[in-house]
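The values are calculated or read from the model by the stated rules, or taken from the named source; none is laboratory data. Everything numeric here is computed off the predicted structure, so don't read it as measured data. All Cβ positions, glycine included, derive from the backbone under ideal geometry; neighbour counts span all protein chains shown. The area values use the complete protein model at the heavy-atom level, side chains included, leaving out ligands, DNA and RNA. Shrake-Rupley method; radii C 1.70, N 1.55, O 1.52, S 1.80 Å.
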Amino acid sequence: MLKGKTIILGITGGIAAYKGAALCSKLVQAGANVHVIMTESAVKFITPLTLQTLSRNPVYIDTFDEIDPAVVSHIHLADHADLIVIAPATANTLAKLAGGHADDMLSTTLLAATCPVLIAPAMNVHMYEHPAVVHNLELLSSRGAMFVEPGTGQLACGYVAKGRLAEPEDIVAAIESWFSRGAKLKGKRVLVTAGGTMERLDPVRFLTNDSSGKMGFAIAEAALLMGADVTIVVGRTTAALPAGVKVIRVESAQQMLEAVTNRYDEMDIVIKAAAVADYRAVNVSEQKQKKNGEKIVLELERTTDILETLGQRKRHQFLVGFAAETEQIEHYAMDKLSRKRCDLIVANDVSKDGAGFNGDTNIVQVFGPEGLVEAMPLLSKREVAVRLLELVAGRLISPGGIAE
Ligand code: PMT
């Protein structure tokens, strides 16, 4: 899939530099011509010889160590690259890129490059959440950089948190998706809902659900990589927000309804991955409720079904719903598809290990008006997102009714 593509792989100085070797190998196996640039710090974690052997090309470290006297290396590399991938990208490298510094081979090449840049950050969670790093990520994103978000798990520093480099296969999937489908959603405005809603009972208590936002965020990231203009409407989440998308924060189902319907007319594609409360409290206490007796009864009323509302108002929009089910998947999914007038329904059997809420993986079946369209095995939510958007892109119909 990457045959004939020239990719510069920038490896910077974090423990995840070792994963750069696997990434390099996978890119070469996929047919790419890979040129590795390492920072001085990266060399402390992994040897240039490893990367030279895997890439079958010289590895660049020092700007002044001109390997071929016929060319100026950083300009030559920058001019011939189809894509620059920085994995892992440390906080220091992000700061240098954001500030336009050019004090080593990687930063100098990046400043000279006009091709797209894909950044896979990796660092300690507190560093990742530091306002300076957040600002740099936003700045780079506003200049068009693409990102593969770090994963959550055991960090080398001992924390179990967000910050570990995305797995090499996920980075390769993002690269392949950019090359093969890069323009498929170009110019399309995509709205994704993510996370769970919170229905207040009183100022300190609320009803919610287990949604982390990961599925919706993966879709938003994949849509961004495919060239879309992406807005996310986000309820309660435990995952970090993706960079490069417009973010609207909401709490309740009612707020989500308003946020989505207010923007609906200008959207081409709406994907409702959020877990929205079906019921809310009839009476929300303004004061903290006092203990009162052994039992209490909560009176709940139905919330508005946002997806159904969108289905009723649908004009040009392509509407994708989710269905979180534990039984009779096809039956309930097809019922939701027709009742809510969706173009596709993504059903996840949330009783299965590795599917549904919270984790980094999902197992989904996608249904269209004709029935089952695709049954996906256990995949990362990122890969599910890419495959789903591929289906959406293939089904987009122009206002004149001609497939684009
Ligand atoms: O966020 P994660 O931790 O990654 O988990 C992902 C997920 C399990 C939340 C996601 O994959 C998923 O299944 N989202 C939909 C969950 C859900 O609310 O399913 P449902 O079957 O109850 O609702 C069907 C559809 O109607 C959904 O698109 C939902 O957004 C929508 N809905 C439901 C109720 C309501 N009042 N308004 C709605 O729009």
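Just a few scattered comments:
- Cβ separations smaller than 7 Å between residues 6+ apart or across chains give the following pairs from the stretch 115-128 residues that are under 16 Å from Gly153 (Cα atoms) to residues that are aromatic (Phe, Trp, Tyr) and buried (at least 21 other Cβ atoms within 10 Å of the Cβ): Pro121/Tyr128.
- Of the residues making up the stretch 15-26, one or more are among the polar types (S, T, N, Q) and within 27 Å of the chain's Cα centre (by Cα).
- The stretch 20-58: number of residues that are farther than 24 Å from Gly4 by Cβ, open to solvent by 30 Å² or more (accessible area, probe 1.4 Å) and not charged (D, E, K, R): 7
- Enumeration of residues in the stretch 174-199 that are assigned to a strand (DSSP E or B) and within 16 Å of the ligand (Cβ to nearest atom): Val190, Leu191, Val192, Thr193, Ala194, Gly196, Glu199
- Any hit, the stretch 347-354, residues being near the ligand (Cβ under 10 Å from one of its atoms), of a type in the set (Gly, Ala, Ser) and at pLDDT 95 or above: yes
- One residue alone among Gly235, Gly293, Gly244, Gly227 is small (Gly, Ala, Ser), in contact with a helix residue (DSSP H, G or I) (Cβ under 8 Å, 6 or more places away or on another chain) and away from the ligand (no atom under 15 Å from the Cβ), and that residue is Gly244.
- Residue count, the stretch 305-341 (criterion: out of contact with any Cys (no Cβ under 7 Å at 6 or more places or on another chain) and more than 8 Å from the ligand (Cβ to nearest atom)): 20
- Residue match in the stretch 362-370 (condition: touching a Ser or Thr at 6+ places or on another chain (Cβ under 7 Å) and free of Cβ contacts under 8 Å to residues at least 24 places away in the same chain): no
- Looking only at the stretch 177-210, and only at residues there that are farther than 26 Å from Leu307 by Cβ and aromatic (Phe, Trp, Tyr), the one that is surrounded by the most Cβ atoms within 10 Å (Cβ to Cβ): Trp178
Residues checked against (1) surrounded by fewer than 20 Cβ atoms within 10 Å (Cβ to Cβ); (2) without any contact (Cβ under 8 Å) to a residue 40 or more places away in the chain:
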residue	(1), (2)
Ser212	no, no
Gly216	no, no
Gly235	no, no
Gln254	yes, no
Asn262	yes, yes
Asp268	yes, no
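- Meets criteria (assigned to a strand (DSSP E or B) and within 14 Å of the ligand (Cβ to nearest atom)) for Val270: yes
- All positions within the stretch 46-88 that are of a type in the set (Ser, Thr, Tyr) and touching a Lys or Arg at 6+ places or on another chain (Cβ under 6 Å): none
- Consider the stretch 270-297 and keep the residues that are out of contact with any strand residue (DSSP E or B) (no Cβ under 6 Å at 6 or more places or on another chain) and touching a residue at least 60 places away in the same chain (Cβ under 8 Å). The one that is least open to solvent (accessible area, probe 1.4 Å) is Val276.
- Listed by first and then second residue, the pairs with beta-carbon distance under 6 Å, at least 6 apart or on different chains, first residue in the stretch 179-200 and within 14 Å of Ile219 (Cα to Cα), second basic (Lys, Arg) and in a strand (DSSP E or B), are Thr193/Lys272; Gly195/Arg236.
- In summary, Arg302 fulfils each of the numbered conditions (1) near the ligand (Cβ under 10 Å from one of its atoms); (2) crowded, with 18+ Cβ neighbours inside 10 Å with the single exception of condition (2).
- In the stretch 94-161, counting only helices (runs of 4 or more DSSP H) that sit wholly within it, the ones holding 2 or more residues that are modelled with pLDDT of 90 or more and under 23 Å from the mean Cα position of the chain (by Cα) span 125-129, 131-142.
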